[in-house]
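Undergrad: Got a structure here, written out as structure tokens. Questions coming.
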Amino acid sequence: MDCFLFLPDYVYFENSSSNPYLIRRIEELNKTANGNVEAKVVCLFRRRDISGNLNTLADSNAKFEEESKQPVLSEQQKHQLKHRELFLSRQFESLPATHIRGKCNVTLLNETDILAGYLEKEDCFFYSLVFDPVQKTLLADQGEIRVGSKYQAEIPDKLADGEETGQSLVGDVESSLSSSQVNQIIGSTRTVGTFARALDCSSSIRQPSLHMSAAAASRDITLFHAMDTLQKNNYDLAKAMSTLVPQGGPVLCRDEMEEWSASEAMLFEEALEKYGKDFNDIRQDFLPWKSLASVVQFYYMWKTTDRYIQQKRLKAAEADSKLKQVYIPTYTKPNPNQIMVPGSKPGMNGAAGFQKGLSCESCHTTQSPQWYAWGPPNMQCRLCASCWIYWKKYGGLKTPTQLEGAEQWYSLFSDQESGPRGHMTRQEVQGMSPFTRNEGRAKLLAKNRQTFILQTTKLTRIARRVCEDILQPRRAARRPYASINANAVKAECTYPHACSTLTCLLINAHECTFK
């Protein structure tokens, strides 16, 4: 269906005509040089895309049956609910917009959500875990309420009179100094700071001009130093002025903005572009020699610089130049997995050789306006139109099977894993499936079954000799599907000469046994 896509919509991408759709979240829409539109997307994975061990871990995290607020679900509902579960990742890729096949809805699973509600809505999915394709791990995507002494501060009892609190006073708003006197000490501190930077070799390299040194000396760290000097000298202005320039030279106070070099600042900007405000990852991967407090302080100081304002303007201009939406027309091309389209040639994947009378592998219906080849061509499986749409959107069958329950049914037909299991025959797969009572399917099994030995009892072999004119073994061998007239065989065995013949055969068989 026709639709407009906006950022950040969740969409279906088709990378294979036979595999289920990929589910992706659009982050950017870019126009290439040749006029095509490419989408930068975030990858989401299905259960069929992860290993069996991780599926077991996801099952333990889901706890469908343990949820007391959840209504009781049938086995089929639990089976279909697994098709609605996705796993978010932080993996990005670029895909052509022409492969988009529609929109879907993906939400973070909430504890108050009713799981059965997802089955009642079309194109509706949920996720609660994050999958790392590199480390092959699953992690929870939502935080937890941190309660306990490890996270909450313990409030001490009320202090007795005269008991020290362990805190020190850093400023007195009721001091005897006037505002002009306070501004005088602040101005003097800035002047001393500018002079100290002129004497410092490292500062002279970072701030080669006088106005740059003066601007650095006017930062908050200088104001804090001035107020701290007043407090330490009991707000004695003359004494505070004398301590600004001790005998060893002027005091130089620098904050994180000055302590960091230009190369470190560039590393921080690169890390911020990659990780966002995840300061732990920034420190661990880019700036391991810096403390976490230093990284956080530098970030908030960096946001006050012209560099941050310039980058913000560039990003805004870049965002304005990018596409905000894209129109996706209805995809009308026929799928090559269609078995027989009215008025057209047969489809691919051996569709021309399909047996009549086969039913849908999912819902087992025998009537459908359109059939689709499903699975390896040698198995000759097919799906009806409704189940084919379900397979493409949700990546599974509506009805659970034994093989699918073991999470191996999907991997049989995926492009990544079809090699090692592509040798399985239809008989092996049907032996694992509980739905094998179809007459047409039995004929196909008899046709493709490998050589085997059928050992019969002596009484059965004797019966063949008695009713040889009715059974006609040579003719029956050429027509294995023709039915046997059991009534005629019974009538033949009731004649007297049949009894004498049967007696002779039994005697001969008995003598052969003892020899």
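Undergrad: Counting heavy atoms of the protein chains only and a 1.4 Å probe, report the per residue accessible area for the stretch 240-300 as a whole number of Å².
TA: Each residue of the stretch 240-300 exposes 57 Å² on average to a 1.4 Å probe.
Undergrad: Follow-up. Add +1 for every Lys or Arg and -1 for every Asp or Glu among the other residues with Cβ under 9 Å from the Cβ of Tyr12, and state the total.
TA: Working: positive: Arg24, Arg101, Lys103, Lys392, Lys393; negative: Glu14, Asp123.
After counting each charged neighbour, the total is +3.
Undergrad: Within 10 Å, count the other beta carbons around each residue, average over each peptide in 368-378, 87-97, 284-294, 309-319, and list them highest first.
TA: Put in order of decreasing packing, that is 368-378, 87-97, 284-294, 309-319.
Undergrad: By average Cβ neighbour count within 10 Å, what is the ranking of 111-122, 15-26 from highest down? Provide the component values of the computation, followed by the final result.
TA: On the way: 111-122: 12.3, 15-26: 19.6.
Answer by packing, highest mean first, reads 15-26, 111-122.
Undergrad: Gly102's amide H: which non-local residues (gap 5+, or another chain) put their own amide H closer than 5 Å, with H modeled 1.01 Å from N in plane and none for Pro or chain starts?
TA: Excluding prolines and chain starts, which carry no amide H, the hits are Tyr12.
Undergrad: To the nearest 20 Debye, how big is the dipole of the stretch 258-344 about its Cα centre, given +1 on the beta carbon of each Lys and Arg and -1 on that of each Asp and Glu?
TA: Details: 12 positive and 12 negative charges, 107 e Å.
Using Cβ point charges on Lys, Arg, Asp and Glu, the stretch 258-344 gives about 520 debye.
Undergrad: Which residues' amide hydrogens lie under 5 Å from the amide hydrogen of Glu28, considering only partners 5 or more residues apart or on another chain, with H built in the peptide plane?
TA: Under 5 Å from the amide H of Glu28 lie the amide H atoms of Lys40, each far enough along the sequence or on another chain.
Undergrad: Which links in Lys82/Lys121; Lys322/Lys393; Lys277/Lys303; Lys40/Lys398 stretch past 21 Å when you go from one Cα to the other? Intermediate values should be presented prior to the final figure.
TA: Details: Lys82/Lys121 15 Å; Lys322/Lys393 29 Å; Lys277/Lys303 12 Å; Lys40/Lys398 32 Å.
Over 21 Å Cα-Cα: Lys322/Lys393; Lys40/Lys398.
The values are calculated or read from the model by the stated rules, or taken from the named source; none is laboratory data. All values reported here derive from a predicted model rather than from experimental measurement. Methodologically, a virtual Cβ is constructed for each residue, glycine included, from the backbone with ideal geometry; neighbour enumeration extends over all protein chains shown. Areas reflect the complete protein model, heavy atoms only, side chains present, ligands, DNA and RNA absent. Shrake-Rupley method; radii C 1.70, N 1.55, O 1.52, S 1.80 Å.
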